[in-house]
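Structure first, commentary second.
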Amino acid sequence: MDLGIAGRRAAVAAASSGLGLASARALAAAGVRVAICGRDRGRLDEAVASITGAGGDVVGLVADVSTASGATGFVTDAAEALDGLDILVPNAGGPPPGTFATTDLDAYRPALELNLLSTVAMCKAAVPAMQAQGWGRVVAITSISARQPIDVLILSNTARAGVTAFLKTLALEVAADGVTVNTVQPGTHATGRMTALHGGDMEAVAAASPTGTVGRPEDFGAVVAFLCSDQARFITGASVPVDGGAHKGLQ
C-alpha cells in the first residue's frame with residue numbers, strides 16, 4: 001500500500017537497533033528520507049548500511065537522547081540535515097529494572113529525563129515547525145507498561161505513563177494544525193533489550209503470550225509507518241498496543 005509519504009522527512013530517535021531501527025526501515029521503505037541517531041558510531045553505521053542497502057535514504061547522527069539537551073540536539077541536527085522535518089518518532093531505551101522496595105528515590109529523576117523529558121524536548125524542537133507548515137506526524141514508541149504496569153519495571157511504568165499523558169494533551173492542542181500525535185505501545189518483541197531482560201529465555205516469554213510468539217520488529221515498524229501515513233490523518237491522540245494480546249483490559 002502506498003502510504004502517501006514518499007519524500008517526507010523523518011527523525012527517528014535511538015534507531016541504531018531494536019524497534020527504532022525497525023521503524024526507520026519501514027519509513028525508508030515508504031520513500032521517507034530518514035535521520036536516525038545512536039550513541040555508538042559503529043552500531044549507527046551498521047544501521048545506516050542496513051537501510052541504504054535496501055535502497056533507503058538515511059543519515060546517521062551520533063546523539064544521546066537520554067537527556068533533554070541531547071534530545072533537542074538530535075532533532076535540531078536532523079532538521080538541518082534533511083532541510084526540515086515532517087515526522088518525529090521519539091524513542092529511547094528503558095531505565096533499569098527494579099521494584100518500589102529496591103529503587104532509590106534518586107533513580108526516578110534520570111528515568112523521567114530518559115522516557116518523559118527527552119520526548120517533551122524533541123516535540124518542543126520539532127512540532128512548532130510542523131504546525132507552521134500545516135502537516136506533521138509524531139509517533140512515539142512507549143511501552144505497554146503505560147497501559148498495564150510490568151512487574152519489576154517501576155521506573156519505566158512511571159515514566160511511560162507520564163509521557164503518554166503529555167502526548168495525549170499535545171495531540172489535542174495541535175490537531176487543528178494538521179499535526180497528529182500518537183503513541184505505539186510495544187509488548188515483547190525480539191529485540192536485544194527484551195532478550196536481556198528475560199535472561200535469554202524468549203521461548204518462555206513466547207509461551208506466555210496469547211499468540212504463542214514474540215513480536216517481530218519489522219511488524220512493529222509497519223504500524224509506526226502507517227500512523228505516519230496520509231491514510232492515518234484522522235487518527236490522533238491514540239495509544240496503540242502492539243503486544244500480541246498481552247494486555248487483557250477492555251481499553
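Each value in this text was obtained by applying a stated rule to the coordinates, not by laboratory testing. Since this is a predicted model, take the numbers as computed values, not measurements. Virtual Cβ from ideal backbone geometry, glycine too; neighbours counted across all protein chains shown.
In table form, for the structure just shown:
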| quantity | calculated |
| --- | --- |
| Antiparallel content of DSSP bridges confined to the chain, in %, to 5 | 0 |
| Average projected area [Cα convex hull, the chain], square nanometres | 13.0 |
| Helix-derived mean residue ellipticity, 222 nm - over the chain, DSSP H n ≥ 4, -39500 (n - 2.57), to 500 | -13000 deg cm²/dmol |
| Loop chymotrypsin sites (Phe, Trp or Tyr not before Pro), segment 66-156, which have at most 13 other Cβ atoms in a 10 Å radius of their Cβ (DSSP) | PHE100 |
| The chain: angle of helix 18-29 to the longest principal axis, Cα-based, in degrees nearest 10 | 30 |
| Rough spin-label spacing in nm, given labels placed 7 Å along Cα→Cβ, for VAL152 and ALA165 | 2.8 |
| Cα long-axis angle, helix 217-227 against the chain (0 to 90 degrees, to the nearest 10) | 50 |
| Relative contact order [Cα under 8 Å, 6+ residues apart], segment 109-177, whole percent | 45 |
| Simple label model, 7 Å out from Cα along Cβ direction - GLU203 to SER50, nm | 2.5 |
| Sorted by Cβ density within 10 Å, fewest first, the residues CYS123, CYS228 | CYS123, CYS228 |
| Estimated FRET transfer efficiency (GLU80, ASP106; beta-carbon r; R0 35 Å; 0.05) | 0.50 |
| Principal-axis tilt of helix 68-82 within the chain, Cα atoms, nearest 10 degrees | 40 |
| Gain in span if fully extended, GLN133 to PHE234, counting 0.36 nm per residue against the direct Cα distance | 34.6 nm |
| Inter-label distance, nm, simple model (7 Å from Cα along the C-beta direction), GLN251/ARG39 | 3.9 |
| Residues ASP40, ASP104 arranged by fewest to most Cβ contacts within 10 Å | ASP104, ASP40 |
| For ALA140, distant residues with modelled amide H under 5 Å away | ASN182, THR183, VAL184 |
| Options PRO149, PRO90, TRP135, ranked by Cα towards positive dipole end of segment 45-162, top entry (Cβ charges) | PRO149 |
| For the chain: relative contact order, % (alpha-carbon pairs under 8 angstrom, 6 or more apart) | 21 |
| FRET efficiency, 1/(1 + (r/R0)^6) with R0 45 Å, evaluated for LYS124 and THR213 via beta carbons | 0.75 |
| Per-residue Cβ neighbour rank within 10 angstrom, fewest leading, MET122, MET130 | MET130, MET122 |
| Excluding exposed DSSP-loop trypsin sites (Lys or Arg not before Pro) (at most 16 other C-beta within 10 Å), longest clean stretch of the chain | 40-232 |
